[in-house]
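Report on the structure given below.
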Amino acid sequence: MVKLILGSTLVDDSFVTVESLEQAANLPDVIVPLTVFVAHKAQWLARSGKLGVWLAAGDDAEVLAEDLEHLSVVAIDFPSFTDGRGYSTARLLREKYHYRGQVRAVGDVFRDVMFYLARCGFNAFVVRASDTPENALLGLNTFSESYQSGVDKPAPLYRRRLA
Amino acid sequence: MYQYDEIDQRIVDERVAQFRSQTQRFLTGELSEDDFRPLRLQNGLYIQRHAPMLRVAIPYGVLSSRQLHMLAHIARTYDRGLGHFTTRQNIQYNWPPLERVPDILADLATVQMHAIQTSGNCVRNTTTDHFAGVAADELIDPRVYCELIRQWSTFHPEFAYLPRKFKIAVNGAVADRAATWVHDIGLHVCTDDAGHLGFRVIVGGGLGRTPIIGTVIREFLPVQHVLTYLDAILRIYNRHGRRDNKHKARIKILVKSLTPERFQQEVEEEWARLKDGPATVVPEELARIEARMIRPQYAALPAQSAVLKEALERDIPFKRWHERNVHAHKVAGYASVVLSLKPTGTPPGDASAVQMDAVADLADQYGFGEIRVSHEQNLILPDIAQDDLPALYLALKELGFATPNIGLLTNIIACPGGDYCSLANARSIPVAQAIQERFNDLDELYEIGELDLNISGCMNACGHHHVGHIGILGVDKHGQEFYQITIGGSQAPARIGRVIGPSVSQEEVPDVMEQLIDVYLEQRNGGHERFVDVVERVGLEPFRARIYDEPHLEVANG
């Protein structure tokens, strides 16, 4: 079973990523690509296990706006860590659509991007093969303070300095 | 200048620790070259032609004497005793050993400096008017907003991996001395009918491969909304800017392809949700930054200095220097002094450790310990009592910083070019030197009058050649260095220069400059019509004809 960073702890991941309803047949918790989900939305939502949707870097979270309450996970892919679109997607999920479930970073995820990911509302991380989850966890504590508004701390430093 | 508090200091210290770890992991092979490259770029570290190049941020171009001494120390300790001041108010070192860079950053942190986001596809150093705080036509001191934006942009978690680099300029005066029309975002202060302060928001300007003058997407943005509005613009850009082709990835291309109207609509929709949210600027924060800015305690001086008057009457070279290199100050009895880093024979913008130390000492002796870096690659002592100008002049002359050429042809703006930069197609420095040698006669220079000459070694346009009255762009033709000449560009009002014809070889550049100047001197109506005005009035043709229709010059095809 794949190790997942959830919050700041390591857990076993119960989710399996699948490409079709058939593949999902005997699995409890699955994550499916957005297009597959949209094509058979009713069947996917009728399943008994937990459901997640996998977004590519360029996918628009708005497509999921009506379905978010039924989703346990939204996974956002980073094909390369230098493609920063997923950061905005996560913030929109949290701040515009008020999604409270798991937002999971997948793809090119390693120690040196963890801090930014967490600030943008990611709370689960599948670390890439060339890094280890234990090492990646160190990245969450790179900085002890941040200037801007983020999902983790909506009040920017200048409001907290006043408090 | 802004003084860090404990939190600002901690954040910079933690950055040093992070980069030390990244460098170690790269050196042990734990991080690959592909992983390390974007990480080191976000600390201004390039791997260049001869060695790494480190670009250190000089936020909005302001330095204390203590900081300049540190820059000298770094040049001496880790480099070959030299630094290069850039067109974006930063400094670059061309020979720092990679494994020592974490130590350099640690040294910088001791004087509240860093190299954060001086490269990479993120929000870069925010730039402004180099006369901020001392200019007579100022509505606000832009440095307060620059600092606000510096903090907002520092490790902004959402915008660290944009499609391409992102540059913001803030102008707080009536005249635009920050080139706000040719930045990704330009903020130009203005007031509404009720007298409230705000910014005109200009988006999508830029030089580089596709020079474009920006578009106003909001005529008036109240100051408290500046950060939420920036968030909205950056979010639209981060999500929709092109990532498939780095030459089409700047925000200017997105604005153009969506149309400015559509882009504006998207930004306004996004902003409607962010407006008045937690990132809205509170007046207490502006007051806090203001309180942490060290301001000179000016003495009450007579508006006219007798010492200065006497020296101007007696000393012709001093008078000449005063005319070119000394600027009016908003406080009576003071002046701002531009130190020319463009003497003939030195690469434009270069300063040695010895010179940096000496300038820092002069800032302490004659000023209030403050130095500015201008985007024309000169240094400025912003607050000098007029009584001290004659003594300061002598000291600067000794240092080689008193060349009276500010605003003149030999005050050349140039990137490091092919001698140092691995992106360059051609060298800039020898071209600049050849031109300076050709126009070494001060009387002739004064006769020519105000002229901005800019040289870039490649399309990336670090030398801002598009907005030079004369622009020179290095191009590669079958492995040979050639130079394309543009004329009629201007920084304010922002205008892009036009190409006069096929590019010419390096040896021909000084001749071409001389021909351009000859045509100008023949065509101008009286001594006050500047080169750029003549180009505007008579067009390219007389210039083109002189250079290309005469048989002596062999030009490359195309």
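Derivation of every value follows stated rules applied to the coordinates shown; laboratory data play no part. Just so you know, these numbers come straight off a predicted model, no measurement behind them. Positions of Cβ are generated from backbone atoms using ideal geometry, with glycine treated the same way; all protein chains shown enter the neighbour counts.
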At 7 Å along Cα-to-Cβ for each site, give me the label-to-label distance between residue A:144 and residue B:282 in nm. 2.2
In whole Hz, what ³J(HN,Hα) sequence does segment B:534-549 give by Karplus (6.51, -1.76, 1.60; θ = phi - 60°), x for Gly and Pro? 5, 4, 4, 7, 9, x, 7, 3, x, 6, 4, 4, 4, 7, 9, 8
Report the full-extension gain for the segment residue B:545 to residue B:295: residue separation times 0.36 nm, less the Cα-Cα distance, to one decimal in nm. 84.6 nm
To the nearest 0.05, what FRET efficiency results for residue B:505 and residue A:56 with a Förster distance of 51 Å applied to their C-beta separation? 0.55
Among the aspartates and glutamates, which have Cα under 18 Å from the Cα of residue A:153 when same-chain residues fewer than 8 positions away are ignored? A:95, A:145, B:8, B:158, B:231, B:276, B:285
Given a cut-off of 19 Å, name the pairs among A:96/B:275; B:248/B:275; B:167/B:342; B:165/B:275; B:165/B:248; A:96/B:165 whose C-alpha atoms lie farther apart than that in the structure shown. B:248/B:275; B:167/B:342; B:165/B:275; A:96/B:165
Please work out how much length the chain gains when fully extended from residue B:434 to residue B:244, using 0.36 nm per residue of separation minus the C-alpha to C-alpha distance, in nm with one decimal. 64.4 nm
What shape does segment B:461-558 take by its C-alpha gyration tensor, where a ≥ b ≥ c are the square roots of the eigenvalues and a/c under 1.5 counts as rounded, a/b above b/c as prolate, and the rest as oblate? oblate
Modelled label-to-label distance, residue B:323 and residue B:303, 7 Å Cα→beta-carbon offset: nm? 2.3
Lone cysteines in the protein assembly as shown, defined as no other cysteine's Cβ under 4.7 Å from theirs: which are they? A:120, B:122, B:146, B:190, B:421, B:458
For the pair residue B:110 and residue A:130, how long in nm is the line joining their label points, each one 7 Å along Cα→Cβ? 3.6
Can you give the FRET efficiency for residue B:256 and residue B:394, using 1/(1 + (r/R0)^6), R0 = 41 Å, r = Cβ-Cβ distance, to the nearest 0.05? 0.20
Please work out the FRET efficiency for the pair residue B:316 and residue B:525, using the Cβ-Cβ distance as r and a Förster radius of 25 Å; give the result to the nearest 0.05. 0.35
Only counting other Cβ atoms within 10 Å, I'd like B:263, A:122 sorted with the fewest neighbours first. B:263, A:122
Could you tell me how far the Cα centroid of segment B:163-180 sits from the Cα centroid of segment B:345-399, in Å? 25
Within segment A:106-150, the residues whose backbone N lies under 15 Å from a label point placed 7 Å from the Cα of residue A:72 along the Cα-to-Cβ direction are A:124
Need one word for chain B: rounded, prolate or oblate. Basis is the Cα gyration tensor (sqrt eigenvalues a ≥ b ≥ c); a/c below 1.5 gives rounded, then a/b vs b/c decides. rounded
Under 5 Å between amide hydrogens, which residues at least 5 positions from residue B:350 or on another chain qualify, with H placed 1.01 Å from N in the peptide plane? B:85
So how do A:155-162, B:60-67 stack up, highest first, on mean other-Cβ count within 10 Å? B:60-67, A:155-162
Once you order the gyration tensor axes a ≥ b ≥ c over the Cα atoms, which shape class does segment B:6-109 get: rounded for a/c under 1.5, otherwise prolate or oblate by comparing a/b with b/c? oblate
